[in-house]
1. Modelled label-to-label distance, Arg179 and Glu85, 7 Å Cα→beta-carbon offset: nm?
2. Counting only DSSP beta bridges with both residues in segment 4-258, tell me the antiparallel percent, nearest 5.
3. Only four residue types carry charge here, +1 at the Cβ of Lys and Arg and -1 at the Cβ of Asp and Glu. Report the dipole size of segment 4-258 about the Cα centre in Debye, rounded to the nearest 20.
4. Which Rg and Dmax, in Å, describe the Cα atoms of the chain?
5. Highest mean first, what order results for 15-28, 227-240 on Cβ atoms within 10 Å?
6. With charges set only on the Cβ (+1 for Lys and Arg, -1 for Asp and Glu), what does the dipole of segment 39-118 come to about its Cα centre, in debye to the nearest 20?
7. Can you bin segment 9-81 into rounded, prolate or oblate? Criterion: square roots of the alpha carbon gyration tensor eigenvalues sorted a ≥ b ≥ c, rounded for a/c under 1.5, prolate for a/b above b/c, oblate for the rest.
8. How much FRET efficiency would the formula 1/(1 + (r/R0)^6) give for Trp243 and Ser62, where r is the Cβ-Cβ distance and R0 is 45 Å, rounded to 0.05?
Amino acid sequence: MREAGTVFDTRAAGYDNEFSATAIGARMRAAVWRRCDERFRPGMRVLEMNCGTGEDALHLGSRGIEVLATDISSAMLRVAAEKIEAAELSGCVQFRQLAWEDLGGLQAGPFDGVLSNFGGLNCVEDLRGAACMLADLLRPGAAALLCIMGPVVPWEWAWFLLKGKPGKAFRRLKRGGARWRGLTIRYPSIRDVRTAFGGEFRVLRVSALGVLMPPPFAESWARRHERLRDALDRIERRIETVWPLPWLADHYVVELERR
C-alpha cells in the first residue's frame, strides 16, 4: 500500500473541495461523527488511521479527545496539521506518517479507540493482519469504528449504466479488486470484515452510509434536488442498521469492541 502515499499526495490540496465541502460528503461525515460521539468520550485517547486532511481529527480534538492521527500521505498530513494549528488544538492532536501495513511497528499504545474513515481499509490487502496489529494497540473494551466501501451498490449500478459505463457500474465486483490511479482498491463484504476481525473484536453495530442518499459521485444530482437529498438523508439515518441496507450501501460503518 505504500505507493498510495504518492497518489494521495496529489489529491491533498483539492480533497476538501472535492469531498469534505460537498453536500453529500458533509452529510456522510456528519453521520460518522454521530457514531464517533457515541463511542469516544472526552479524555479518551484515539488512534486515527488514514486521517486525510484532518477533518475527523479536528472534530475529535474539539471534543477534548486526544488523537494520534496517521496517514500514508505526507501532503495530507501537512494540510491536516495546518487545520489543527489554526484551531489551536495542537495539544490534543498529533500526527504521524504511517501505512496500515506498518501499524505493527507503532510504539504508542494502548489506545481507547480507533477510527478509520472513508475507505482507508479498502487499500489494505491483508485485513486479518491489520486486525491483529490493531488489536495489539487497543485496550480491552476499546471501540473501533471502520468506515469501508462495500461491494454491492445499486446506486452505482444505476448511475453508471444510465451513462453507458458498465465497467464502472460493476467494478466493485471484480475478483481481486479494481484498479484506480495505479492502486488496487478492494471491496470487502461485511462478512469478510467480520471474519477478519472476529478473533479479537466483537461486532456491536453495522450501519449504511449512502444507500438511500446518493453516493458522492452524484453530487451534481444532489445539488439539483436539495429537498429530496435531505429527506433521503434523514430517512437513511433512521433506518441505517436495518437489513439489508448496510449490505447495499456505498460505505458501511462497522463498530467493533476489542475483546
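Where a number appears in this text, it was derived from the coordinates with a stated rule and is not lab data. Quantities reported herein were computed from a predicted structural model and do not represent experimental measurements. We place every Cβ from the backbone using ideal geometry, glycine too, and count neighbours over all the protein chains shown.
1. 3.9
2. Bridges in segment 4-258 are about 50 percent antiparallel.
3. 1000
4. Computed over the Cα atoms of the chain, radius of gyration and Dmax are 17.4, 51 Å.
5. Per-residue Cβ counts within 10 Å, averaged per peptide and sorted highest first, yield 15-28, 227-240.
6. Its charge dipole is roughly 200 debye.
7. oblate
8. E(calc), rounded to 0.05, equals 0.85.
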